[in-house]
Each structure stands twice: as structure tokens, then as C-alpha cells.
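None of the figures in this text is laboratory data; all of them are computed from the coordinates on show. A quick note: this is a predicted structure, and the numbers were derived from the prediction, not measured. Here the Cβ positions follow ideal geometry from the backbone for every residue, glycine too, while neighbour counts run over all protein chains shown.
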Amino acid sequence: MRWCKISVVFVIMVSVLILMLSGGCGGQKSPAPKLLPSVPNLNIPARLIIGYYENPWPGTPDKTGSFPSMKTHANSMTGVGPFWYRATQDGTLEARDSQLVYDTARNSGLKIIPLITNKSGATEAVLGDAAIRSKVIDNIVKLAQEKQYDGINIDFELLPPAQRENLTAFVAELYPKLKALNKLLIISVFPQVDVAEDVSGAYDYPELAKNADYLQIMTYDHHWSTSPPGPIAPIEWYEKNIKYAIEQCGGPNKVLIGLGAYGYDWAPDKDGETVTYADAIVRAEQNGAKIMFDEASKSPYFKYDNHEVWFENADSTSAKLDIIAKYNPAGIAIWRLGQEQPDIWPLIDQKFPKQQ
């Protein structure tokens, strides 16, 4: 037995030596596998179906706006993104949160991932002043911890391209602090394909994706309130931006796709007025207008008097969900709850359900 053990040891030693020599004397050496970074257990669903929450008029009760839709369709969602906080130029956060909405979302089993937006006129300080930037970040982290939110959604818009590096630095500083608390970080970004540089230039997809759990692509407003009338998110433009985002972010697992649920009513010499699905249907009925469907863009529209209305409905959403399912991103985010045709929810359950 003793000699048998010695023989086995000798064979092993020789084998190891041969392997070492073959790797070190001109043979091709295989690189050691890189260890993936450890990721905290965030208890996040395989797919995120987020409904953005907003009470659109100051002073409106908690139970108006998005509340009925959130409560009715909670079973189709995994999370809610309340539009509650704004970063100011002195580094504080303006709050407009609601205990009723918070409690209802929790009781419905929804993750709560509130939006932090940039207050008008505060962008230069919030992103460009290192001290203010750190103060904002500390206040965001404190908020996430004290309120026990599941994460934070940074939604900084109307950023000049010159703020590109500052936004990237902001996210790079915020992300590890939220990770230490086991909190998600979502960054809302403008689409890049067929979008003006002054609108999209501040968003460096690859760099932002390195320091965020998800980039939420705001794939809507291809036509907006001050543009000529047209579809909110034409299907070809929609797919190009999804594909581009996935390529730039390193894969579909980093991407949440925006799903618009609203429209605009344009009149001559006036900015387009935001309309919900219900608004659009009522206006068409009141004015005897026939609702048409543009096959090229997969969008409903109608005209009355000197007005032109484009909006989203179940048919346009169904076409978008087919594209989303094709690329299988990490999830979708609906802007916003309460604006949609209720018939979109069975389509979401069917074509891109929260659980595969």
C-alpha cells in the first residue's frame, strides 16, 4: 500500500510538471478565467414590469391620477416608479411622496423604485459642482435607506451634451453606495437613433451601463408637443432604438424598454396638448372624427377641425410588445399609469408577462 501511494504521488507530480512545461516553454497558455463581480441578492424578478406613477396636477388627491390603474393592474406588474422627488441646486431633494400610494404598492406586492428628477435650473449645480453632486447623492442614498425603497430611478432630462461626463461621474459615484445597501439603480435615458444630439448627447450608454443595474430607454416622444404632428413612437424607429440600446449596453439584461401610453392633440400655432387614451376617444366621439390606424408606424390617429391627434392604444401597444418580445430585454416601463387603454394589460400578460 505504501509503495502504491508513492507511485500515485509520483505520477501526479510528473503530470503537473508536464503541464507546467507545456504552458511555459512556448506553448499557448490559456488565460485564467476572470471572476465575475459578486452581485448582492436584490430579490428582483426575472422580468421587471414597471408602471410609472404620477398625479399630474398640483393638489390632486392621492386616489386620482395613476392610483386606480396601479391598484387595478398590480397583478400584471412587478414594480411602481412614483414621480415624487426632484434634486435642487443646493443639493436637497424636494419631495411629494404619498403614504397611501406607498402602503398600497407594498400591500400589492410591488417593488417601489421612485424617480429622482432634476429641478429646472438645477442641472449645472447638481451635475457640474462636485460638492453639490456629492450632497445630492448622499441625500438619495439616505432617502432609499430611510424609506426602505427597493431602488432609485434617476431621470435627469433636458441635459445639454456638455453634461455627458458629469452625468457619468454622478452615476459612478451613486451606484456603489446603493449597491452597499442592496438597492437597485435605474437610469432613464433618451433614445439615440434618429434623435437630435442636443436631446440625446448627454447619455453615454456604455459608461452608464457599467454603473447601473438597468438603463430605461424612453422610447417615446418621437413627435412631441412642439414638433409637427406625428406618431409618438413609430414602430421602425422603436425597434432601431431597442436594438441599438441592447448593443451599446452589452446585452438585453441591462435594458428596460419604455412603453408610452399617451398622445398629443396638435392645433395650429399651439403646442401639442398631452392626451390620455380616454381623452382621445372622447374627443373623437365629440367631434364625429373617425379613428384611423397608420400601418407604417402602427399608430392610431384622427383629425377634427384644425386639430390632429396621435396616441397609443391596444393595437399600437400590441405591435410594440411583439418587438419587445423579439429582443427579450430585462423589462418594460409604462409611462404612465392611468393614461393607457386598459386593454393593454391582457396583452402584456400574454406577450411579455412578468414571469416566463
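Grab the beta carbon distance between residue 46 and residue 75, set R0 = 25 Å, and tell me the FRET efficiency rounded to 0.05. Numbers along the way, then the final one.
Working: r = 16 Å, r/R0 = 0.65.
Efficiency at R0 = 25 Å is approximately 0.95.
Per the Kirkwood formula on distinct C-alpha pairs, the Rh of region 81-216 is how many angstrom? Kindly include the intermediate steps, with their values, before the conclusion.
Working: mean 1/r = 0.0664 Å⁻¹.
When all Cα pairs of region 81-216 are included, the Kirkwood radius is 15.1 Å.
Quick one: check the C-alpha center-to-center distance for region 163-234 versus region 134-155, whole angstrom.
What the calculation gives is 18 Å, centre to centre.
Hey, got the dipole for the chain? About the Cα centre, +1 on K and R Cβ, -1 on D and E Cβ, debye to the nearest 20?
2260
Show me, bin by bin at 20 Å from 0, the whole-percent P(r) of the chain based on Cα pairs.
Binned Cα distances yield the sequence 27, 52, 13, 7, 1, 0.
Determine the dipole magnitude for region 249-340: charges of +1 sit on the beta-carbon of Lys and Arg, -1 on that of Asp and Glu, nothing else is charged, the reference point is the Cα centre, and the result goes in debye to the nearest 20.
On the way: 9 positive and 14 negative charges, 94 e Å.
My answer is approximately 460 debye.
Could you list, in their original order, any pairs among 177/210; 111/351; 303/354; 71/135 whose Cα atoms are separated by more than 26 Å? Spell out each step's value before the answer.
Working: 177/210 14 Å; 111/351 22 Å; 303/354 36 Å; 71/135 35 Å.
The pairs that break the limit, which is 26 Å between Cα atoms, are 303/354; 71/135.
Checking understanding here: applying a Kyte-Doolittle mean of at least 1.0 and a length along the axis of at least 15 Å (C-alpha), which whole DSSP H helices in the chain pass?
2-24
Rounded to two decimals, what ratio of Rg to Rh does region 174-285 give with C-alpha atoms and a Kirkwood Rh?
On the way: Rg = 16.6 Å, Rh = 15.6 Å.
Radius of gyration over Kirkwood radius for region 174-285 works out to 1.06.
Please give, to one decimal in nm, the separation of the simple spin-label points placed at residue 193 and residue 173, each 7 Å out from Cα toward the Cβ.
Between residue 193 and residue 173, the label points sit 3.5 nm apart.
How far apart, in nanometres, would the label points at residue 270 and residue 181 be if each is projected 7 angstrom from Cα along the Cα-to-Cβ direction?
4.4
Modelling each spin label as a point 7 Å along the Cα-to-Cβ direction, I'd like the residue 106/residue 227 distance in nm, to one decimal.
Using points 7 Å along Cα→Cβ, the separation is 4.1 nm.
R0 = 30 Å: FRET efficiency of residue 247 with residue 158, Cβ-based, nearest 0.05?
Numbers: r = 26 Å, r/R0 = 0.85.
Calculated value: 0.70.
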